[in-house]
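Data first, discussion second: the structure below is written as structure tokens.
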Amino acid sequence: AGVVVEEVLTRLVDSITASGRQVVIVGGVPEQAHDVPQLYLASRFGGLVRFEPRPLATVRQREAPVDAILQRLAMRPGVTLIDTAGVMCESDCPLMAGGHLLYRDSNHLSTFASRWLVPQMFKSVEF
């Protein structure tokens, strides 16, 4: 499946860049092991689970096949890759910032997180 995905994405990227446009690929959101809002509630009301972020190394390992495809695409002229995990994470990928949850489930950002991250993600991209 990975080969087909890479072939399709390569054709799409080539088609866009051939028209003189730049391609900006935004890498995936670092996936957490559990639904973050549910984990937060369970940790606060009962204390039977710990509210802990996933280590960046675990995220990188899990997402390595997709990241490899995106990195190969980013080597093409006119293509920029934004490493979402690189922007969002240090040694761990946080679950909260400024008292706000960063996820609305295990792998989708909350509205707060989107507003917080997007400016950081695109500050190095020139259009």
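Brief remarks follow.
- Qualifying residue in segment 5-12 (condition: within 26 Å of Y103 (Cβ to Cβ), part of a helix (DSSP H, G or I) and open to solvent by 30 Å² or more (accessible area, probe 1.4 Å)): yes
- For segment 44-70, a residue qualifies if it is in contact with a strand residue (DSSP E or B) (Cβ under 6 Å, 6 or more places away or on another chain) and within 23 Å of V3 (Cβ to Cβ), and exactly one does: L70.
- Looking only at segment 71-110, and only at residues there that are touching a strand residue (DSSP E or B) at 6+ places or on another chain (Cβ under 9 Å) and of a type in the set (V, I, T), the one that is farthest from E7 (Cα to Cα): T84
- Taking segment 62-110 as the range and being crowded, with 17+ Cβ neighbours inside 10 Å, among the polar types (S, T, N, Q) and either assigned to a strand (DSSP E or B) or free of Cβ contacts under 8 Å to residues at least 12 places away in the same chain (or both) as the test, only S110 passes.
Yes/no matrix, rows are residues, columns are (1) assigned to a helix (DSSP H, G or I); (2) without any contact (Cβ under 8 Å) to a residue 12 or more places away in the chain; (3) exposed (fewer than 15 other Cβ atoms within 10 Å of the Cβ):
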position	(1), (2), (3)
A33	no, no, yes
Y40	yes, no, no
G47	no, yes, yes
F51	no, no, no
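- A113 vs. criteria farther than 30 Å from D14 by Cβ and open to solvent by less than 30 Å² (accessible area, probe 1.4 Å): yes
The values are calculated or read from the model by the stated rules, or taken from the named source; none is laboratory data. Owing to the predicted nature of the structure, the values given are computational and were not obtained by experimental measurement. Every residue, glycine among them, receives a Cβ derived from its backbone with ideal geometry; neighbour counts consider all protein chains shown. Remember, those area values only see protein heavy atoms, side chains included, never the ligands or the DNA or RNA. Shrake-Rupley method; radii C 1.70, N 1.55, O 1.52, S 1.80 Å.
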